[in-house]
Amino acid sequence: MNLRLDHLLDDLRANAADILKAIDADPLLSKRQSGELVLANASGALFTPQTAHQLFAKGLVYRRDPFELVSLPLVKIYNLGEKNVSAADLAGIAAGPGNARLHFLHKLDGTLIQRFQHRGRVYFTTRGMIEGGPCYGTQDEDAPARTRNFDFLGTARRLAARKYPALVEPRPEFENLTLVFEFIHPETRVITNYGDREDLVLHACFDKVDYRYRTFAELKELAAAHALAHVEEFAPAGHTLGEQIESLLASIAGTDQEGTVITIEHDHRVVYRVKVKGPDYLRVLKLVVTCTYDRTVEMFDAHPDWTGWADLETHLRSLGREQVPEEVLGFYREHYDTFAAYLANCEQLRVWAAKVGAEVRRAAETEAGTGNDRLLRKCFAARAVAFPNRALLFTAFDGRLDLKAVREFARTPDEARAALARV
């Protein structure tokens with residue numbers, strides 16, 4: 001596939017209806033609708049784009065009847081080395097005709113948010129969610145699983161209203177522009193630790209009139225005009241692109257910074273983007289992928305003598321920094337806190353079921369008398385069905401009510417919270 005942005009966007013301009021029809025009909029792409037607007041993104045079944053139209057489906061928004069492009073955040077960006085793209089290839093593109101420029105932009109480790117306006121209304125979306133659309137499934141493919149209940153769009157809009165009010169109202173100067181931000185929030189941290197920072201950082205702008213991405217210089221001008229935060233760029237040393245990449249990677253070695261997006265511009269157009277990720281970031285990312293809530297629970301269940309976080313932390317530290325670096329330890333703590341809250345809710349359910357079950361049994365015994373277990377169970381059942389979580393009451397009746405039984409009844413933190421809310 002041709003990965004040159006200028007060529008892809010020229011094709012999209014010339015063949016928009018056909019490309020959007022292909023996106024609309026593609027079963028490997030998920031669609032979320034908000035009124036007449038449709039947001040398209042890769043589904044879980046699509047690991048990497050297989051056809052050219054799938055390169056655009058990274059949060060693209062369009063209309064049907066007739067097919068029309070409304071907003072385009074980012075076209076698929078590959079990592080250096082993928083699709084046989086080498087530093088030498090990039091150097092060749094950067095040396096192309098025209099006023100060529102090359103930027104090493106910071107690759108921020110947050111969540112993509114696009115902002116556009118349509119028919120007098122401002123919309124915010126992630127790659128997978130659009131305001132006014134259904135709220136289920138993954139909001140962003142890069143967001144960690146623990147954030148599945150986080151309100152990305154609502155939080156981003158409130159943050160914009162507080163820090164960058166120009167973004168929440170339709171403005172003539174933003175017409176036909178897609179503003180692409182990296183949303184940073186302490187509750188949605190992936191790998192890089194930004195502390196308590198909450199921000200929307202502008203890092204791209206698609207111009208639907210010219211079917212091009214604004215250059216970095218234009219991006220900075222737009223940000224300055226509206227007091228927006230914008231992405232910064234590295235200035236790596238070196239005479240060749242390869243030397244500059246090596247210099248940049250050396251400068252972020254030992255940190256949790258993700259890396260860079262190398263952006264090549266010819267005249268007033270962005271013609272190529274490619275990601276370069278730092279080895280330390282990739283190492284931690286690989287470890288974080290295995291640092292899951294389920295794995296944390298499995299470790300606790302395998303060590304019934306553990307009583308709290310201190311036991312888990314001691315075990316993890318004993319594995320060594322290569323297996324569990326300090327950055328990953330924090331993610332385990334988040335999973336532990338979730339598990340501890342789940343256990344506390346399960347214990348509350350157990351206490352409730354024991355108390356109510358005993359009361360229902362006494363009433364049933366009064367009605368059934370003694371010596372007839374079958375009648376006693378029937379009388380108990382007639383009363384228990386009036387209560388929520390009645391399966392726990394029957395477990396109490398059978399003398400099997402313990403924390404393990406409650407965890408079998410409410411297997412996840414969400415199920416435990418829901419069950420507790422019913423009592």
Legend entry - Single residue of region 83-105 satisfying the filter (surrounded by 19 or more Cβ atoms within 10 Å (Cβ to Cβ) and at pLDDT 85 or above) that is nearest to the chain's Cα centre (by Cα): Leu105
Legend entry - Out of Glu173, Glu169, sole residue that is more than 26 Å from Phe56 (Cβ to Cβ) and at pLDDT 90 or above: Glu169
Inset, instruction - Taking Glu265 as meeting all but one of (1) closer than 24 Å to Leu69 by Cβ; (2) surrounded by fewer than 16 Cβ atoms within 10 Å (Cβ to Cβ), write down the number of the exception. - result: (2)
Inset, instruction - Test Pro304 against the criterion of being surrounded by fewer than 20 Cβ atoms within 10 Å (Cβ to Cβ), over 30 Å from Glu173 (Cβ atoms) and in contact (Cβ under 8 Å) with a residue 60 or more places away in the chain, and give yes or no. - result: no
Legend entry - Members of region 161-176 that are under 20 Å from Thr111 (Cα atoms) and crowded, with 19+ Cβ neighbours inside 10 Å: Tyr164, Leu167
Legend entry - Residue match in region 373-390 (condition: outside the structural domain of Thr147 (by TED's automatic domain parsing), under 30 Å from Asp294 (Cβ atoms) and buried (at least 19 other Cβ atoms within 10 Å of the Cβ)): yes
Inset, instruction - Test Leu159 against the stated conditions and say whether it is over 30 Å from Asn99 (Cβ atoms), modelled with pLDDT of 95 or more and not polar (S, T, N, Q). - result: yes
Inset, instruction - Report whether or not Phe206 is at pLDDT 85 or above, closer than 30 Å to Asn15 by Cβ and either surrounded by fewer than 20 Cβ atoms within 10 Å (Cβ to Cβ) or within 26 Å of the chain's Cα centre (by Cα) (or both). - result: yes
Legend entry - Lone qualifier among Leu46, Leu9, Leu74 - being within 25 Å of Asp210 (Cβ to Cβ), part of a loop (DSSP other than H, G, I, E, B) and either of a type outside the set (Phe, Trp, Tyr) or out of contact with any Gly (no Cβ under 8 Å at 6 or more places or on another chain) (or both): Leu74
Inset, instruction - Report those helices (runs of 4 or more DSSP H) wholly inside region 314-421 carrying at least 2 residues which are under 33 Å from the mean Cα position of the chain (by Cα), among the aliphatic types (A, V, I, L, M) and within 30 Å of Ile191 (Cβ to Cβ). - result: 326-368
Legend entry - Single condition Ala40 does not satisfy, out of (1) in contact with a Ser or Thr (Cβ under 9 Å, 6 or more places away or on another chain); (2) in contact (Cβ under 8 Å) with a residue 24 or more places away in the chain; (3) surrounded by 18 or more Cβ atoms within 10 Å (Cβ to Cβ): (2)
Legend entry - Among the candidates Leu179, Leu219, residue that is surrounded by 13 or more Cβ atoms within 10 Å (Cβ to Cβ) and either touching a helix residue (DSSP H, G or I) at 6+ places or on another chain (Cβ under 8 Å) or closer than 30 Å to Ser43 by Cα (or both): Leu179
Inset, instruction - Please tell me if Leu287 is modelled with pLDDT under 80, crowded, with 16+ Cβ neighbours inside 10 Å and under 20 Å from Gly330 (Cβ atoms). - result: yes
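The values are calculated or read from the model by the stated rules, or taken from the named source; none is laboratory data. Computed from a prediction, not measured in an experiment: that's the story for all the values here. Reconstructed Cβ throughout: ideal geometry from the backbone, glycine too, with neighbour counts over all protein chains shown.
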